[in-house]
Amino acid sequence: MKAIQAYLNGYKTAWKSKKMISLIYIFYFCIALLIAIPFYRLFNSIAGNSLLPDNLISEFDMTAMADLIRDGGKVFMVYLQGALPWLIAFVLLGTWMMGGILHWISAARGSFNTGNFLSACNKYFWPFFRVTIYSLILQIIVAFLIYVVPVILVSKDGVSDQYVVRTFVTAILLHLIFFILVGLMADFTRFNIFYEGKRKVLKMGWRSVKFTIRKIFPLYFIYLIWMLLPVILIVGYTWLRTSIQVDSVAMIIMLFVIQQLFIWLRYFTRIQRLAMYYQFFIANQSKD
């Protein structure tokens, strides 16, 4: 019952968070522009007089794209190396904003205050940054342990293709389960740090691991329910993208607007996920 109530409360909180979600969207959009504009210019300079860039807008052609990247391989590599810091900035931005997000969803009442949001972002950045680093290291270790066994198994002589496929499908599903689990542990570590007001990351992390293991079944149940909306959005966007014939400036603009709307809704679902798990976390504090 707590799981269903947490999901509903998470949706209500996300609905009240439209101003914050729009601010988050603007932050990410600015960084995306810093990456996309140089790439667009580089892409057009390599394509020259080719109509490929215009054709790719209406229909993505992986073969043509691969040929273009191969022709300008060294140039693209230089660009990718330069874009790496901005990609890291995406991760750091998400970590930095987490404090402001928790500050709002913990008591989403009244009008959203940007100043309070930014202040909470700065306050919790360093402990949340440590949580991000630790969770990333743990994700790498888990992935290594999950995939090293299948690699050993399929490297034996006389192994059938069917066995190889089954082995790696099992490994991927297992990795997905543990990927979600580690992500939940990281989220609850941040919740504990915020709720307790303490910066002892390892202590809060261990407390979160125990909490996650004890509540693992309702936590996965909530996750499955939450996944319904993102899946609907993905299917809906894919259907619209394949249905719209991009053959004019107006259609390009319309497609861009639709794309940005779906990106905004993706941030909405992320806030809903954090809010519902935070509500579940708070609801269980009296017993823990």
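The values are calculated or read from the model by the stated rules, or taken from the named source; none is laboratory data. From a predicted model like this one, the values you see are computed outputs, not experimental measurements. Note: ideal-geometry Cβ built from the backbone for every residue, glycine included; neighbour counts use all protein chains shown.
Look through Leu224, Leu274 and report the one residue that is within 20 Å of the chain's Cα centre (by Cα) and surrounded by fewer than 12 Cβ atoms within 10 Å (Cβ to Cβ).
The conditions single out Leu224.
Only one of (1) modelled with pLDDT under 70; (2) crowded, with 17+ Cβ neighbours inside 10 Å is not met by Gly10, so which one is it?
Among (1) modelled with pLDDT under 70; (2) crowded, with 17+ Cβ neighbours inside 10 Å, the lone unmet condition for Gly10 is (1).
Restricting the stretch 122-173 to residues that are of a type in the set (Phe, Trp, Tyr) and in contact (Cβ under 8 Å) with a residue 40 or more places away in the chain, which is nearest to Thr95 (Cα to Cα)?
Phe128
I'd like to check something: does the stretch 178-188 contain any residue that is part of a helix (DSSP H, G or I) and either exposed (fewer than 12 other Cβ atoms within 10 Å of the Cβ) or over 21 Å from the mean Cα position of the chain (by Cα) (or both)?
No, the stretch 178-188 has no match at all.
One residue is enough: does the stretch 165-172 have a residue meeting the conditions of a type in the set (S, T, N, Q), in contact with a helix residue (DSSP H, G or I) (Cβ under 9 Å, 6 or more places away or on another chain) and under 16 Å from Phe281 (Cα atoms)?
Step one: filter the stretch 165-172 for residues of a type in the set (S, T, N, Q), giving 167, 170.
Checking which are in contact with a helix residue (DSSP H, G or I) (Cβ under 9 Å, 6 or more places away or on another chain) leaves us with 167, 170.
In the following step, the residues that additionally are under 16 Å from Phe281 (Cα atoms) were identified as none.
The answer is no, given that none of the residues of the stretch 165-172 is of a type in the set (S, T, N, Q), in contact with a helix residue (DSSP H, G or I) (Cβ under 9 Å, 6 or more places away or on another chain) and under 16 Å from Phe281 (Cα atoms).
Just checking, does the stretch 194-202 include any residue being among the hydrophobic types (A, V, I, L, M, F, W, C) and crowded, with 16+ Cβ neighbours inside 10 Å?
For the stretch 194-202, residues among the hydrophobic types (A, V, I, L, M, F, W, C) and crowded, with 16+ Cβ neighbours inside 10 Å: present.
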